[in-house]
């Protein structure tokens, strides 16, 4: 356990006035409509209170009035940056209750689109994190590359952001002829840009000065708060549902679970959290390459999709590794075509709760970076 | 009085020529600011693999004019609880501070608006007026972000004036003049006579070359901080302070801040050019040397520095406020001090 360096809150005997600032809901760096009520002593943050609910859309209640298929596009709106990954645990949960075994090709296709979307998500996360630190150019480099991923997903599903591509028992549409080659091209592009970003941003000395030793999240605190995803792995805890609870066909791939190693700064600081995402992009590239190689060519991905779903009475909880962390769906079925109750466990919401704990005592500018390194999306926080 | 101003030489000194001398740099600033804005748009686009503005005029060259027109059209907002007088005064004070420095900038051997003997001193004295405007604007806005931005700005300005002033002072020692025209004249000849390469003199100057090089870099870094440019743009640090001290400003008042920033960029670039890069001298001896060519060389060199500032802005992340203080007081200041002492010693021995 490394030593935590923070500004000494009792650094001054002078009783200076503390100022309360509302950061958000309209603020360039809150990544949406989050409001942070911040108390600062000069430049030093003494208290942070996140206020949520500006984007609350009653997702869970709304689901009780919709059939199971109608919920899928609505789930896209939770973590709208990684919609493919969102749909997966929900669809898996229904398949589990219906006891459907999806074809091999579907499993591989799901892995490929989800990993592509994971790369796109991490690109945004790293890009906006750089933007929070004041580096504008990496942001556009990543957005340029993300466009290629979006084009592929658009060709598959018809939508750029909110795909509505997963179906119970299959996918909405089959792949197109040049799909495999295009995916491999994108993987090459992702690697090339990442190598460039390493020099431009990640190992830039100003960036290291800004992010290393900032917002240190110890593994104990991370586990106590229920953090997951890169936030937890940045603290050195190797927890990845793709490996630990290998769902779908993830047990067939050879990939590593990147954790914060503290090569710069200490384990659990903002730099390491961010680095985990960069490393995960490389691992996703590896998974995609293997999946493309193993994916069977024949087979119809739309064959098994039922027209009406009546889920047998019962309940199920299914979770999967979202780019932001564990995304779980708890579904209670009453035997009709609509869920009795649906509860989503969003990683962003849980990860956000750790902000007040880890940002006290840092500078005001650091708070923005800590928030950026947590990588929240307000659609999932508020649901 | 030496020849400093072709307008006075040709038409004598009267109210009209004085007005002409005053407004010539203003005309220059306006045109320059438009070109600099376009350069910022285009250079940032090329760095980021975009094409930049393309619709307004051929290759988007009229974009800055469109932006200024847009800003003029915007509603001029004064916050209810602001201190009205100070709030409205601040943009003008900032621009005045930036523009007043142009009085001593030697554009050519035949044109410097006011060839005073303490030119460099004057630039530093007048440069601090901008800080006053920033504090006025930030505090009078009655906005917490603006206030924090203003406070940061002042602490930053104080930290960076000192290394910058020390760097300039070393060259003053070397040139034994504070008159910017004199300093430019001292560097006449080939480019190795520039003060960045130790200034004119025999081979013994190799001892000061490392120091003058270090000073040029020190001054350049300090000047980035003085103009609030990345990586030192923390007074307006948009990630945390929205827009810093000018958060509340809109329309033409915001444009004044904008103009002042670009004017300041040119001022520091012009000082760097004058004291380190030979001012209006041609780099190649008598080749293309003369009053008109001089203006060309001076503006090209200064604009090159401005382009480097833009290049840096779109490449680097931003420092944090305490790291900026650290860099100013614990890195740049000692470096500048050592160089200053070494150069003084060299001049004394010689």
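Could you check how many residues of region A:190-205 are crowded, with 16+ Cβ neighbours inside 10 Å and either under 23 Å from the mean Cα position of the chain (by Cα) or free of Cβ contacts under 8 Å to residues at least 40 places away in the same chain (or both)? Walk me through how you get there before you give the answer.
Quick first cut of region A:190-205, residues crowded, with 16+ Cβ neighbours inside 10 Å only: A:190, A:193-194, A:197, A:200-202, A:204.
Subsequent filtering for residues that are either under 23 Å from the mean Cα position of the chain (by Cα) or free of Cβ contacts under 8 Å to residues at least 40 places away in the same chain (or both) retains A:190, A:193-194, A:197, A:201-202.
Residues that pass the stated criteria total 6.
Please go through region A:226-239 and pick out each residue that is surrounded by 16 or more Cβ atoms within 10 Å (Cβ to Cβ) and not in a helix (DSSP H, G or I).
We begin by selecting, within region A:226-239, every residue surrounded by 16 or more Cβ atoms within 10 Å (Cβ to Cβ); these are A:226-237, A:239.
The answer is A:226, A:227, A:228, A:229, A:235, A:236, A:237, A:239.
Would you point out the residue of region B:66-77, among those that are touching a residue at least 60 places away in the same chain (Cβ under 8 Å) and surrounded by 15 or more Cβ atoms within 10 Å (Cβ to Cβ), that is farthest from the chain's Cα centre (by Cα)? Filtering region B:66-77 for residues that are touching a residue at least 60 places away in the same chain (Cβ under 8 Å) and surrounded by 15 or more Cβ atoms within 10 Å (Cβ to Cβ), the one farthest from the chain's Cα centre (by Cα) comes out as B:71.
Residue B:63 meets each of the listed conditions (1) surrounded by 14 or more Cβ atoms within 10 Å (Cβ to Cβ); (2) under 26 Å from the mean Cα position of the chain (by Cα); (3) under 18 Å from residue A:143 (Cβ atoms) apart from (3).
Restricting attention to region A:240-266, the residues being closer than 20 Å to residue A:374 by Cα, under 20 Å from the mean Cα position of the chain (by Cα) and surrounded by 19 or more Cβ atoms within 10 Å (Cβ to Cβ) number 5. Just one of the numbered conditions (1) within 30 Å of residue B:142 (Cα to Cα); (2) more than 14 Å from chain A (Cβ to nearest Cβ) is not true of residue B:234: (2). Is it true that residue A:125 is more than 14 Å from every other protein chain (Cβ to nearest Cβ), in contact with a helix residue (DSSP H, G or I) (Cβ under 8 Å, 6 or more places away or on another chain) and either touching a residue at least 60 places away in the same chain (Cβ under 8 Å) or surrounded by fewer than 22 Cβ atoms within 10 Å (Cβ to Cβ) (or both)? When the stated conditions are applied, residue A:125 passes them. Selection within region B:237-267: residues that are within 12 Å of another protein chain (Cβ to nearest Cβ) and surrounded by fewer than 24 Cβ atoms within 10 Å (Cβ to Cβ). The member of this set that is nearest to residue B:74 (Cα to Cα) is B:247. Considering each residue of region B:308-318 in turn, at least one proves to be closer than 25 Å to residue B:48 by Cβ and more than 14 Å from every other protein chain (Cβ to nearest Cβ).
What is the residue count in region A:356-373 for residues that are surrounded by 22 or more Cβ atoms within 10 Å (Cβ to Cβ) and either farther than 26 Å from residue B:318 by Cβ or away from chain B (no Cβ under 11 Å) (or both)? Within region A:356-373, residues that are surrounded by 22 or more Cβ atoms within 10 Å (Cβ to Cβ) and either farther than 26 Å from residue B:318 by Cβ or away from chain B (no Cβ under 11 Å) (or both) number 4.
Of everything in region A:347-361 that is outside any helix (DSSP H, G or I) and modelled with pLDDT of 85 or more, the residue that is farthest from residue A:223 (Cα to Cα) is A:353.
For the condition in a loop (DSSP other than H, G, I, E, B) and free of Cβ contacts under 8 Å to residues at least 40 places away in the same chain, residue A:254 qualifies.
Go through region B:35-58 and count every residue that is without any contact (Cβ under 8 Å) to a residue 12 or more places away in the chain and assigned to a helix (DSSP H, G or I). Before the answer, list the steps.
The first filter runs over region B:35-58 and keeps only residues without any contact (Cβ under 8 Å) to a residue 12 or more places away in the chain, leaving B:45-46, B:49-52, B:54-58.
Then drop every residue that is not assigned to a helix (DSSP H, G or I), which leaves B:45-46, B:58.
The total comes to 3.
Specify the residue that is modelled with the lowest pLDDT; the eligible residues are those in region A:1-36 that are away from chain B (no Cβ under 12 Å) and closer than 26 Å to residue A:377 by Cβ. Restricting to residues being away from chain B (no Cβ under 12 Å) and closer than 26 Å to residue A:377 by Cβ, the top hit is A:32. For residue B:67, the requirement of being in contact with a helix residue (DSSP H, G or I) (Cβ under 9 Å, 6 or more places away or on another chain), within 14 Å of another protein chain (Cβ to nearest Cβ), over 21 Å from residue A:147 (Cβ atoms) and modelled with pLDDT of 85 or more is not met.
If the condition is being within 12 Å of another protein chain (Cβ to nearest Cβ) and in a helix (DSSP H, G or I), then region A:198-223 contributes A:199, A:200, A:201, A:202, A:205, A:206, A:207, A:208, A:209, A:210, A:211. In region A:231-239, the condition of being farther than 30 Å from residue B:323 by Cα, free of Cβ contacts under 8 Å to residues at least 24 places away in the same chain and within 14 Å of chain B (Cβ to nearest Cβ) is met by no residue.
The values are calculated or read from the model by the stated rules, or taken from the named source; none is laboratory data. Nothing here was measured: the structure is a model prediction, and the numbers come from that model. Ideal geometry is used to build each Cβ from the backbone, glycine not excepted, and the neighbour counts take in all protein chains shown.
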